[in-house]
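Data block below; observations after.
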Amino acid sequence: MTKKRIFFGLLALLVLYLCYLAYVFLLSPKTNLQSIYLIPKDAVFVVESEHPVESWKKISESEGWQHLRKNDYFAELTENVQKVDTVFQNNHNLFEFFDGRALFISIHMISPKEYGIFYVLDLKRIAKLQLLKSYFNTLLNEDYELSKRIYHDHEILEVHDRKSKETMHIAFIKNQLIASYTHTLVEASIDQYQEPVIGRNLNFIEINQKVGHEDLFRMYLQYNYLDDYIKRFTNQPSDWVKRASENFLFSGFYFDLDKNSTLVANGFTNISAVNENYLEALQKSGTAERTIPQVAPKRTALYISYGFDSFSEFYKNFEMVQQNDPKKFESYQAGIEKVEKFLKIDVKENFVSWIGDEVALLQIQSHISKGKNDMALVLKANDSEKAKENLDFVLEQIRKKTPVKFKAVNYKEHEINFLSIKGFFKILLGNRFEQFDKPYFTQINGYVIFSDNPNTLKSIIDNVVAEKTLSTSDEFRKFNDRFKSESTVFVYSNIPVLYNNMYALADATTKQKMRKNKDFIICFPQVGFQLTPEDNLFESRLVLNYQNVEEVKKNAQFEEKIQMQNPNTSNSTEITDAIFDLKPIYPTDLNAKSFSRNYANGSLRFEVDLKDGLKHGRYTEYYSDGTEKITGRFRNDEQVGMWHYYNAEGKMVWKKRF
């Protein structure tokens, strides 16, 4: 009888427990909370995955991830993520049970130089089982210590790692598990969950509804906090980051990873109502095929393309959206009218009418100075003859109305002129083009190219003549094919070249960090970003092309290789060739009569006569004490006649006839 009572007692308990489970999973009211509601409002990035185990396995097994994990800099940036990787590996069965439940990971700046990572896992109805909290004890061994505290009526579990001295803070809010190594992020989540910020932001919701869900993972970027995040890596302000923060609101991408570790992201971006008017005007102005790579050198570090059905259509929309700010629009009109009245030109007729469907900014690896970037503005012409005719007219008006006397220079059958209208492009298109203050310009086929440095134009001409442009690069063409052929905004970066440009401008401390982490930076040799209009948003595409870092170095087509002559060679012809092989010079004043450089002590190093910016006439090079070293003559940039080389005592020891 006793055994029967025990059996029926246990059976009754089992029935009650099953009834409890049925109530929890089937009958209890659905009070589920959305994961996004718990993300603290200052998130820079939010990553979401419906299948975190499956997605993480694909990422962690990729060649790109394996390379990045070996890099100290990347390991430091993703330290917390790698800790989660360990949890995944050690508790695979547990997390397989969680798979199919949304996992959110967000990045927040917690100090000017430090960021924190925050996790949210949707447990759905299993969160109602109090046993789940207790199960955390089974995950812990003697290396961990579990404690609890109450914060605003919510229990926070604190798991302290005795080895690393770090503490993971965990809490349950309804159906959600939240966690972070930064306690303030968990507390911020608890503080705001009843009044969520990001999850109820209409701009975020607009993007969230457009982003697909059948993919590896999704990522959202909140541009308002991007500036703060970038400052974590550099103290030097970036105009591009600042403009992005001011002009964009949210981007949402869904990611996929191919077998070559190329990361492809598609999504959408919305723009701020308070922006520089470019994006709003571009959004209304259509798209265009990218053709400026035909004149952009292979050495291009950054190529930013703006495309539209026609520039005149964009310009009309640009004027229209500026009228939303009457004071600003009045100032813009006054600037245009001032230029037109002074020079007696018509901006729409003499400029707008001949500009075609693409405008681009180029940042090019300088072949002149390692401490500067070469910048160029390229305007595609819809009619080459009309462009030349109108620019000639403007130049004539400048000659009549100003004291500027500039004689056009012919360089390799391309004419280089000087547009002496101070700040013209800033007046025409705003601050984005203020760096082209008083530019030189040339015309190459159907493109008009402007730069404040005439030597930048010479280098572009050189590359076009030598057929060393982006359009002739197999690597660029293959990468470009990953995007739609037409776009509104397209940003392309050759990372090894951009690295060299950034390194040249960096301070000593930054250079040291860059050298240490170069393999991480250049392992994505090509990065591209594209915007095309869709309704009131921009459809967005981001591609990061991973490549084995040794292959990147092997294929580095942009590093200058200097062939050193052996001074001990017995071949006198090689010696004289080396002695009289002078370094090129780059005078910025194309109308100057001579060009010279000094030693650090102030004494003259060399002096050469010029004609139209080219070496033409007598050349003399000196030792630092003033003794002549090399003498000879140039004609149209070519060495001619007999050249002489003298030793430090003034004795002529070598000569060569050209």
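The values are calculated or read from the model by the stated rules, or taken from the named source; none is laboratory data. As the structure is a prediction and not an experimental result, all values here were calculated from the model. As a convention, Cβ positions derive from the backbone with ideal geometry for all residues, glycine included, and neighbour counts pool all protein chains shown.
For this structure, a couple of remarks:
- A single entry from V464, V491 fulfils the requirement of being aliphatic (A, V, I, L, M) and outside any strand (DSSP E or B): V464.
- Each residue in region 168-202 was checked for being over 17 Å from H108 (Cα atoms) and surrounded by fewer than 16 Cβ atoms within 10 Å (Cβ to Cβ), and 5 pass.
- Top-ranked residue of region 297-316 - restricted to ones that are part of a loop (DSSP other than H, G, I, E, B) and over 18 Å from the mean Cα position of the chain (by Cα), ranked as nearest to A360 (Cα to Cα): F308
- When the residues of region 634-649 are filtered to those that are crowded, with 18+ Cβ neighbours inside 10 Å and in contact with a Gly (Cβ under 9 Å, 6 or more places away or on another chain), the one that is nearest to T456 (Cα to Cα) is F634.
- Residues of region 605-637 satisfying the condition of being in contact with a strand residue (DSSP E or B) (Cβ under 8 Å, 6 or more places away or on another chain) and of a type in the set (D, E): E607, D609, D612, E621, E628, D637
- Residue check, N501 at pLDDT below 90 and within 15 Å of the chain's Cα centre (by Cα): yes
- Residue check: M320 meets all listed conditions (1) part of a helix (DSSP H, G or I); (2) among the aliphatic types (A, V, I, L, M); (3) out of contact with any Lys or Arg (no Cβ under 9 Å at 6 or more places or on another chain) but one, namely (3).
- Test: residue in region 404-426 that is hydrophobic (A, V, I, L, M, F, W, C), in a loop (DSSP other than H, G, I, E, B), in contact with a helix residue (DSSP H, G or I) (Cβ under 7 Å, 6 or more places away or on another chain) and crowded, with 17+ Cβ neighbours inside 10 Å: yes
- Candidate set from region 577-593 (those that are part of a loop (DSSP other than H, G, I, E, B) and among the aliphatic types (A, V, I, L, M)); member that is surrounded by the fewest Cβ atoms within 10 Å (Cβ to Cβ): A592
- Taking the listed residues V53, V81, V46, V87, the one that is modelled with pLDDT of 70 or more and of a type in the set (V, I, T) is V46, with no other qualifying.
- Identity of the residue in region 373-403, among the polar types (S, T, N, Q) and part of a helix (DSSP H, G or I), that ends up surrounded by the most Cβ atoms within 10 Å (Cβ to Cβ): N390
- G286 meets the conditions (1) under 22 Å from the mean Cα position of the chain (by Cα); (2) assigned to a loop (DSSP other than H, G, I, E, B) in every case but one. The failed one is (1).
- Options F342, F329: the member that is among the aromatic types (F, W, Y), in contact (Cβ under 8 Å) with a residue 12 or more places away in the chain and outside any strand (DSSP E or B): F342
- Complete set of residues in region 373-418 that are free of Cβ contacts under 8 Å to residues at least 40 places away in the same chain, among the polar types (S, T, N, Q) and in contact with a strand residue (DSSP E or B) (Cβ under 7 Å, 6 or more places away or on another chain): N417
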